[in-house]
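The values are calculated or read from the model by the stated rules, or taken from the named source; none is laboratory data. It should be emphasised that the depicted structure is a prediction, and the values quoted were computed from it without experimental measurement. Every residue, glycine as well, gets a Cβ built from its backbone with ideal geometry; the counts of neighbours run over all protein chains shown.
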């Protein structure tokens, strides 16, 4: 009898489970749920490429640039440079190249002088850093090869073997000061930058410089259905890499397939829009909670996943490729370096000293102790947590040590204020934050020194003030 009862119960459970599996979802629901799951993961996997593609589309659309033009901000940036986590204390140069049409490309970067230097990174279309440039004031001729290049590398060049046809060169022009003399010398150094196909090395054309001062450059990542248009474009333009084959197969239900036009119907677009919004929320949660604290008892973090630092932003470990860590990190900024700390170092924070999120309607203070371990300068800049870019129409974005108007305390420390309005007499030490908006700062060390790496110098947490 006991054996019969046990058999009956097991059979009833199996029948119930089977019936539930057969009746819970309609075919339409199953298809919809598949699209949602795959679309959320597509954002996490694809955001490094889409992030950079948004930069490229702004380069074409907003700067009216063509491949190999040099787009730059000679007066420094303002809120209209809507790239992710950019700095107003340096002058950016953006260069996009494509070796599919032009063949191997040469970047000729001049060495530093006493008034100005360069610091940057060359990367492929998936933001894989190929090399850092300008470190230690060095110049050089960098040769970006095609993915299938099999020829000899000419003497005198630093070869870079990219796995994509597209490449991006992020260059910062860093001035010793903001004096007229240093600006003039820095401008002259910028004009010595050359970019040309290797086939024209004997007689290279002068590059076209495009001044973006006062012009909107909208490179914010769109977390809606248009995200997938960008992802499909990159997939169609670039060679397939073996590590991505399984993911590419999982994108087929979305209508994204190498060699085919992406044309989802209106119903699918609505599903993609919802999935992108969910992925965005997941990424922001990861950005604010998964980066390791730099000081054990503090709120500052290095703004990247730990595996990014460990692998030098290649993301590949012996037993897995960390898609999640890569997505979280490269949803929060663009342009990872080949070697962290080589020329610059960054800290970020998403919470105040008490653990509350940084919110625009509140007033906060950051006390920057004296002797900041940065041989060139330090800067603190604020960003919108939703877009990872500057707040629109903001005129107070950064406080830095190059600004002679910044007020110092008697011990050379500096108090930086954040909030909707500046404290009386402290406008030069204040950064605007709009009420109702979550925000976060990056604290930059240009020319980072030993005391930041061994943590002998400690940056205090941001504190709310009344």
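Can you list residue pairs whose Cβ atoms sit under 6 Å apart, with the first residue in the stretch 101-116 being at positive phi and the second being surrounded by fewer than 17 Cβ atoms within 10 Å (Cβ to Cβ)? Count only pairs 6 or more apart in sequence or on different chains.
Between residues of the stretch 101-116 that are at positive phi and residues that are surrounded by fewer than 17 Cβ atoms within 10 Å (Cβ to Cβ), the close pairs are 103/199.
Name the strands (runs of 3 or more DSSP E) wholly inside the stretch 386-466 in which the number of residues that are assigned by TED's automatic domain parsing to the domain that holds residue 337, touching a residue at least 60 places away in the same chain (Cβ under 8 Å) and within 22 Å of the chain's Cα centre (by Cα) is 2 or more. Can you show your working first?
On the way: elements: 398-400, 414-419, 430-432, 439-448, 463-465.
By residue number, 398-400, 439-448.
Of (1) part of a loop (DSSP other than H, G, I, E, B); (2) more than 25 Å from residue 212 (Cα to Cα); (3) under 19 Å from the mean Cα position of the chain (by Cα), residue 127 satisfies all except one. Which?
Of (1) part of a loop (DSSP other than H, G, I, E, B); (2) more than 25 Å from residue 212 (Cα to Cα); (3) under 19 Å from the mean Cα position of the chain (by Cα), only one is false for residue 127: (2).
If a residue must be over 18 Å from residue 381 (Cβ atoms) and assigned to a strand (DSSP E or B), how many such residues does the stretch 314-356 contain?
So the answer is 2.
Out of the stretch 185-197, which residues are surrounded by fewer than 22 Cβ atoms within 10 Å (Cβ to Cβ) and in contact (Cβ under 8 Å) with a residue 40 or more places away in the chain?
Residues of the stretch 185-197 that are surrounded by fewer than 22 Cβ atoms within 10 Å (Cβ to Cβ), as a first pass: 185, 187-194, 196-197.
Scanning the stretch 185-197 gives 185, 187, 189, 190, 192, 193, 194, 196, 197.
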